Amino acid sequence: MKIKEGYIIKKLGAGYVVVTVGQASKDFNGMIRLNTPGAFLWQCIQDGMDTREKLTEAMLKRYDDLNEATAAEDLNEFLDSIKVALED
Amino acid sequence: MIQIEAAGLVIRIENRYDYVKNLCREYLTDENRTPDITVAVTEEEIRKEIEKAPECFFGDGYAEGVVVYEKISNALPKYDAFVMHSSVVAVNGEAYCFAAESGTGKSTHTRYWKEVLGDKVTVINGDKPIYRFQNDQLLAYGTPWCGKENWQTKTSAPLKALCLLERGEENAIYPVDAFEMLAELSHHFHLPGGGQVDMPKLMDLIDRMVTIVPVYRLRCRNDVSAAQEAIRYFNLEEE
């Protein structure tokens, strides 16, 4: 998986937000709210982790108290929330 | 061609119609000063603006004015500034701004503040003020573009609170988080149509704003009591 061109993450107060720039703002004019773990996952995808397996692994490494089942669930939820920003 | 000074910036406007010059008369400045921002509007851009909302046609000069301000607002982020569609008032040297969808009652609420506080309140701008960071403060500035009530004062004041107005059965005021504010106001931060604004820079400015300026939800009954409630909340009744 890969993040589409023109989708960028910005800090907003205590959280983060994904907005579009340039051409992408014609397709998607809204914004996506991300919390700190969401911003972490976004960064992972940007760093080239392109499969659920790699992302789950990164989550488990980052968060000590997380088990595999919860990680998979959280990842699904996250990917669903940023669907519009992911390349098909 | 005219030159104006607004928000501490010298802006050169290559206007075609006198409407803009008349609109900006209080803000005119020496034409020999070096401009920070230069804007020019083509006939084609004016036509396009008119086509967007033919029912709001108030003349070619008016349409030129709309496009000019759109271009100015797109150029502002470079100067740590932006236009936010809102009504902003000053009381005791500090600014309070009210933002909402058109038709929610920004002007009405502003009018109630005038009713309660009388001479103590100055409307800096009733519709499209410029906000600009200066020395770690966010200042609200008067500009010639100020909505149909024509409320504007050539002054500035540090922004103390941003209130998101909403209609309701009961009055209420409480803090809300930055995302709620942005989700509601995102399209108020630059005038629609241009799309030329530096979005990453604008987002940095908005983040900076929510770090230093508290954001409130202000739920209002449709009478003066909502203004009284807010004025009490901000302790503005006494000198």
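The values are calculated or read from the model by the stated rules, or taken from the named source; none is laboratory data. On a predicted model such as this, the values are computed, not experimentally measured, just so you know. With ideal geometry, Cβ positions are generated from the backbone for all residues, glycine too; neighbour counts draw on all protein chains shown.
Filtered by the rule that a residue be at pLDDT 90 or above and crowded, with 20+ Cβ neighbours inside 10 Å, the range A:11-24 gives A:Leu12, A:Tyr16, A:Val17, A:Val18.
Of the residues A:Lys26, A:Lys83, A:Lys11, the single one that is closer than 26 Å to B:Ile206 by Cβ and in contact with a helix residue (DSSP H, G or I) (Cβ under 6 Å, 6 or more places away or on another chain) is A:Lys11. Evaluation of B:Ser73 against the conditions (1) among the polar types (S, T, N, Q); (2) under 15 Å from the mean Cα position of the chain (by Cα); (3) at pLDDT 95 or above shows that the sole unmet condition is (3). If the condition is being within 12 Å of chain A (Cβ to nearest Cβ) and β-branched (Val, Ile, Thr), then the range B:152-182 contributes only B:Val176. When restricted to residues that are aliphatic (A, V, I, L, M), more than 14 Å from the chain's Cα centre (by Cα) and assigned to a loop (DSSP other than H, G, I, E, B), the range B:76-101 contains 0.
Selection of the range B:2-45 for residues being hydroxyl-bearing (Ser, Thr, Tyr) and outside any strand (DSSP E or B) yields B:Tyr17, B:Tyr19, B:Tyr27, B:Thr29, B:Thr34, B:Thr42.
So which residues in the range A:7-36 are touching a Lys or Arg at 6+ places or on another chain (Cβ under 7 Å), of a type in the set (Gly, Ala, Ser) and closer than 15 Å to A:Leu86 by Cα? A:Ala24, the sole residue that qualifies.
Within the range B:97-106, how many residues are surrounded by fewer than 19 Cβ atoms within 10 Å (Cβ to Cβ) and of a type in the set (Gly, Ala, Ser)? Break it down into steps so the answer makes sense when it comes.
Step one: filter the range B:97-106 for residues surrounded by fewer than 19 Cβ atoms within 10 Å (Cβ to Cβ), giving B:101-104.
So of that shortlist, the ones also of a type in the set (Gly, Ala, Ser) come out as B:102-103.
Looking only at that region, the number is 2.
Checked against the criterion of being closer than 28 Å to B:Leu205 by Cα, in contact with a Phe, Trp or Tyr (Cβ under 9 Å, 6 or more places away or on another chain) and of a type in the set (S, T, N, Q), the range B:37-44 has no qualifying residue. Is there a residue in the range B:45-63 that is closer than 22 Å to B:Phe82 by Cα and either of a type in the set (Gly, Ala, Ser) or at pLDDT 95 or above (or both)? Checked against the condition, which is being closer than 22 Å to B:Phe82 by Cα and either of a type in the set (Gly, Ala, Ser) or at pLDDT 95 or above (or both), the range B:45-63 yields at least one hit. Report yes if some residue within the range B:212-223 is farther than 30 Å from B:Lys78 by Cβ and exposed (fewer than 14 other Cβ atoms within 10 Å of the Cβ); otherwise report no. Yes.
Return yes when B:Cys146 is under 22 Å from B:Thr29 (Cβ atoms), of a type in the set (A, V, I, L, M, F, W, C) and touching a strand residue (DSSP E or B) at 6+ places or on another chain (Cβ under 7 Å) and no when it is not.
Details: under 22 Å from B:Thr29 (Cβ atoms): yes; of a type in the set (A, V, I, L, M, F, W, C): yes; touching a strand residue (DSSP E or B) at 6+ places or on another chain (Cβ under 7 Å): yes.
Here the answer is yes, as B:Cys146 does meet what is asked.
Residue count for the range A:39-71 under the criterion of being under 25 Å from A:Val17 (Cβ atoms) and of a type outside the set (Lys, Arg): the result is 20. The requirement of being buried (at least 23 other Cβ atoms within 10 Å of the Cβ), out of contact with any Pro (no Cβ under 8 Å at 6 or more places or on another chain) and either modelled with pLDDT of 95 or more or within 30 Å of B:Leu162 (Cα to Cα) (or both) is not satisfied by B:Ile37.
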